[in-house]
Amino acid sequence: MDLGSAERVFLIAAWGQGVNLTNGSTSDLAELAEAAAAWHAGVTLAELQATAPFLEVSPLGRVSKMDLGL
């Protein structure tokens with residue numbers, strides 16, 4: 001997670017086995033916390049995106065999830 005320099009924004013990226021699975025940004029700390037809790041709980045990428053619509057699953061994330069069983 002990174003922070004914006006001019007305004008309050010949280011930049012989020014989730015990685016697994018060297019692959020960027022999802023990324024996005026939000027200015028809402030509660031949304032960030034909900035996404036982090038879901039990720040920590042082990043939800044699928046589709047479930048994570050449904051929980052946190054500000055996140056975008058990367059094309060490599062979709063392939064890695066299928067091929068590598070992430």
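Quick look at the numbers
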| read-out | value |
| --- | --- |
| Accessible area expressed per residue, region 10-49, with surrounding protein chains retained (probe 1.4 Å, Å²) | 55 Å² |
| Theoretical gain in end-to-end length, LEU11 to ARG62 [0.36 nm per residue, Cα-Cα removed] | 16.3 nm |
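The values are calculated or read from the model by the stated rules, or taken from the named source; none is laboratory data. Owing to the predicted nature of the structure, the values given are computational and were not obtained by experimental measurement. Side chains are part of the model used for accessible areas, which takes the heavy atoms of the whole protein and leaves out ligands, DNA and RNA. Shrake-Rupley method; radii C 1.70, N 1.55, O 1.52, S 1.80 Å.
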